[in-house]
Amino acid sequence: MLTPVVIILKICENNLKKLVIFLFGGKGVNRRQFIKRALYGAGGTAVAISGFGALTKAAPKPALATATNEETTVFSSCEMCRNQCPVAVKVVDGKVSKIEGNPNDSGFGGVICARGNSGPSMLYDPQRLKKPMIRTGERGSGKYKEVSWDEAYTYIAEKVKELQQKYGGESVAFASRKGPHDWFFRAIGKGIGSPNIFSHEATCPMTRSVALHSMFGSEAIAADYGNAKYIVSVGRNWLEGIHVAQTRSIMKAIDNGAKIVVLDPRFSVTASKGEWIPIKGATDLAFVMAMANVIIADGTYDKDFIERYTSGFDKWQVEVKDKTPEWAEKETGIPKDTIIRIAREFVKHSPKAILDFGWRTGITPNDYQLRRAIMFVNMMMGNFEVPGGYYHKKYAAVLKKFPEMSSYAKTLGDIYQPAFPKPSTYRIDGTGIKGIPGQLIPEGDGAVSQIPESILTGQPYPIKGWFVHRFNPVISVTESDRIIEALKKLDLLVVCDIYMTDTAMFADVILPECSYLERYDKVFDMSGKTPKYVLRQPAVELVYPDTKPSWQIYKELAVKMGLGHYFPYEDMEEFISRQLAPAGLTLDYMKQKGVWTPEGMKPFYIRANDHTASLDDIVHRTDSKIEFYSEEVEEATKQGIPKYEQYPQPQEGEFRFVQGKVAVHTNAGTANVPVLNELMPENSLWINQESANKLGIREGEDIIISNGKYEHKGKAKVTQGIRPDTVFCYHGFGRISPGLKRAYGKGINGNKLINNVIGEVGNVCTSMSFVTVKKA
Amino acid sequence: MNEKTAELYLSFAGIFHRPHPEVADNLEELIELWQEEIPESKVYIKEMEDYCQEYPLVDNRLNALWEHYIPLFEVGDIEAVPYASVYFDDNGLVLGREAEEVRGFYRSCGYEIGNERQELPDHLAVELEFLALLASEGKIQQLLEFEENHLKPFLRLVLPLIIKSKRPVYSNAAKILEIWKLNSDRKGD
Ligand code: SF4
């Protein structure tokens, strides 16, 4: 280590040398000092180049001593989307050669999707982030310098301290794509006393979670698609929004003769497998209420189930009394006879019938009421805890309550963290405050769209710093330009990611995470009809040696911030072993299998053999009843029973703008992944043939889409597969970060054209914007 | 002869490694070396000298180098990916066969990628650094073999991209390296 005096002398020496070179053109100066020193060291003998060199001297070895071409298998879990399917990673000579599904997991059947297959191309992508970086130019200018991890941590720690002193810990928000990293990431936020910790869920399934919680007191409700005989999708598209286990179950159901009905303004791949109902946008609740109306009028609902297990049905009956098929026909554009037929078919196949509660929900401001109504119709038919209906997930804590099942329950251990400081104020989104809609927002998720609002408006108080982990609000949250405007106003933006995302490009500090193929994560609970734990472990050494796993990044940052005590573990092997020990499992076992599920346990449905079996152990509302009418919802939104709200429809010349998932990409996450980018580099705007004709637009032509405030260029896909009043594009394209070189500027970023309307329970509203389209 | 080759290789390695304070601080020395040893480089030297004068202080100079290094080699436009595998393997990814082959070559000559400043084996700067070490040890046969089989095919692909980037220091250094290693070959053809 150089002393200050030596440093001053060195600066003087160097500047003097430069001055001499400047004045005399270098003549007469010993010009090879530096090179010689670097090459030969002080003693003049050849040594490895210190300072800036990468090679070191070693004993010579045969060139290919380590190449064996032998294939080994590492069981781990995928992270190309958040479903985290168990995988078998094939490794040859220290390199990932291929990824397959983990054959030890029957639910997934040894299968993965195209995105899962593309993992190696991301692992070895030259466009990944490789070193921590600190911004040196204007935000968004792309001017950065690489720094050591220690410099990055020091910079962050100092800035956070400043913000804490000036504005309080609550002025720093934290947002991540929900996942096993949250235990570590969130500890930083909680440690500084910030209440403003968010997941991405408000941009995805949060209204469903709110609905389930309001009815069952639990979000852990799932659908048994594989055994269903009749499945109605309300915009869900299992064959493009892939979840391997669920997609396989849907295919199994179809193979077994199940009928699929799809309500969607667009003819999706799933719709092509069944009956397509091209419903008018934002009117799904009318359809669902009319189904309830038909079933009640027919008297075909499961009276015993309602009596035994539910409360508040009478209020629902009143609410849907006038929601007749005739009324719904006017709202939805679907003929009343079709509505009646579908309702009756649904009844006929119940309890092996599923009116699906959706995945990426958040279509309208009151979307949570749609999700509740959907589950009401299912509960009216008693489609719960029986094969082919809905069920509560059977994780260890649930199984323990059933004596005949308790032997299968193995509980994972918690890693103890000392108590975090209590935040000194409420959250910016009102989450958890009684008497307002925030009362219903899940505390672990929050309304992430509120962060940019608070940055820009200072309401209810200003947000000055934002930590973002593996999340890309510029593309994932609606009204991209507004998000960018907000990012530019921040005092501190820290982004941890694998790529230079559209959000990372505005960051002050960028922390490069290594990929899921190079790291451990916390063991996760993926229990469904049986308990299941899944391991993620490194398949290969770090490709870019200066990237790190999130558990290490946040632990090291915490130490720098004086929060190290919240990370009471040495490394992840220790962490995972402590998680597994109470379950009687070991890291070695998990490494060998990748997954644990109790041997010999069959799927467990509480009412499979006894339709009167108690549900008290899984329903956690008043008197253990599934609630149609909810006091809590009434208190929060004055709508204890869902009410139909009529939303505007597009005027002549306008289109409702909707988006959806595609099978070969994951939302805002994979547009730049080499193989996936090759498969689908850009999207286009689906427009109905008749509408396109009126506008003189032909297939493949350049177009301009406008919502009155923002414009976006794109290409037209002219098709019969969409309603004439609706246009559609796949989500996740039109990327603005030059750091995503393959994806940069290709296609349409739908969220640029969707206004940042925050729904009643904090959700984004994806289908509430209208656009015009013209030839470019 | 070996010494001169070693110094030249090392000077280019210094430039194409991630910006380093010592290299930034001694940029003038590298320019001097090229001017002296590669006379045809003169025309490219001027812009580099101007650059040195524009950023006399090492910190400013370092930041200015980062400003160009990152979009040129690291993230952003990545105008010239610095890893050989990306050019030689069909899928355009790092750590392909070429990386393993050069790693093997390093090993056979008694070199490993070090622990402290780890880098992929087929990074342009690592290959140049390796040749500097071979030259300094007088391992001429291995040097020629590595040049022919690995470095030159790589330079033919990557240098035009760096030159095209028109980034001060980097594109001029690439041009000078091209003159030294590739143009001299053409003359002899
Ligand atoms: S659904 Fe596909 S991308 Fe997602 S975790 Fe499973 S295999 Fe990976």
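The values are calculated or read from the model by the stated rules, or taken from the named source; none is laboratory data. Just so it is clear, the model here is predicted, and its values are computed rather than measured. Ideal geometry is used to build each Cβ from the backbone, glycine not excepted, and the neighbour counts take in all protein chains shown. Just so you know, the surface numbers come from the protein's heavy atoms only, side chains and all, with ligands and any DNA or RNA stripped out. Shrake-Rupley method; radii C 1.70, N 1.55, O 1.52, S 1.80 Å.
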When restricted to A:H200, A:H181, the only residue within 19 Å of A:C496 (Cα to Cα), crowded, with 24+ Cβ neighbours inside 10 Å, touching a residue at least 40 places away in the same chain (Cβ under 8 Å) and within 24 Å of the chain's Cα centre (by Cα) is A:H200
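So that you can scan it fast, the table gives a plain yes or no per residue for (1) open to solvent by less than 10 Å² (accessible area, probe 1.4 Å); (2) part of a helix (DSSP H, G or I); (3) in contact with a strand residue (DSSP E or B) (Cβ under 7 Å, 6 or more places away or on another chain):
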site	(1), (2), (3)
A:R482	no, yes, no
A:L493	yes, no, yes
A:C496	yes, no, yes
A:T530	no, no, no
A:Q552	no, yes, no
A:E556	no, yes, no
Select the helices (runs of 4 or more DSSP H) contained entirely in segment B:1-111, then report the ones holding at least 2 residues which are more than 9 Å from chain A (Cβ to nearest Cβ). B:2-16, B:27-37, B:42-54, B:58-69, B:84-88, B:97-108
Would you please list the contacts, defined by Cβ atoms under 9 Å and residues six or more apart or on different chains, that run from a residue in segment A:705-723 that is touching a residue at least 24 places away in the same chain (Cβ under 8 Å) and more than 14 Å from A:N693 (Cα to Cα) to a residue that is of a type in the set (K, R) and open to solvent by 80 Å² or more (accessible area, probe 1.4 Å)? A:I705/A:K713; A:I705/A:K774; A:S706/A:K774
Could you tell me whether segment A:268-287 includes any residue that is of a type in the set (S, T, N, Q), open to solvent by 10 Å² or more (accessible area, probe 1.4 Å) and more than 27 Å from A:G721 (Cβ to Cβ)? no
I want to confirm something. Restricting to segment A:208-250 and keeping residues that are under 15 Å from A:N378 (Cβ atoms) and within 16 Å of the ligand (Cβ to nearest atom), which single residue is nearest to the other protein chains (Cβ to nearest Cβ)? A:R236
Kindly list, by first and then second residue, each pair from a residue in segment B:1-22 that is closer than 19 Å to B:I163 by Cα to a residue that is of a type in the set (S, T, Y) and open to solvent by less than 20 Å² (accessible area, probe 1.4 Å), limited to pairs with Cβ atoms under 8 Å and residues at least 6 apart or on different chains. B:I15/B:Y170; B:F16/B:Y170; B:R18/B:Y69; B:P19/B:Y69
Within the bounds of segment A:533-543, is there any residue that is under 30 Å from A:G388 (Cβ atoms) and either assigned to a strand (DSSP E or B) or open to solvent by 10 Å² or more (accessible area, probe 1.4 Å) (or both)? yes
Note: among A:E79, A:E71, A:E100, just one is within 12 Å of the ligand (Cβ to nearest atom) and open to solvent by 20 Å² or more (accessible area, probe 1.4 Å), namely A:E100
First in segment A:79-103 and under 15 Å from A:Q537 (Cβ atoms), second anywhere and open to solvent by 50 Å² or more (accessible area, probe 1.4 Å) and of a type in the set (K, R), Cβ under 6 Å, 6 or more apart: A:K90/A:K98
All helices (runs of 4 or more DSSP H) inside segment A:106-167 with 1 or more residues being more than 8 Å from chain B (Cβ to nearest Cβ) and away from the ligand (no atom under 16 Å from the Cβ): A:149-167
Within segment A:666-689, can you find the residues that are open to solvent by 10 Å² or more (accessible area, probe 1.4 Å) and within 20 Å of the chain's Cα centre (by Cα)? A:T666, A:N667, A:A668, A:G669, A:N677
When segment A:732-741 is checked residue by residue, the ones that are open to solvent by less than 70 Å² (accessible area, probe 1.4 Å), at negative phi and out of contact with any Gly (no Cβ under 6 Å at 6 or more places or on another chain) are A:R735, A:I736, A:S737, A:L740
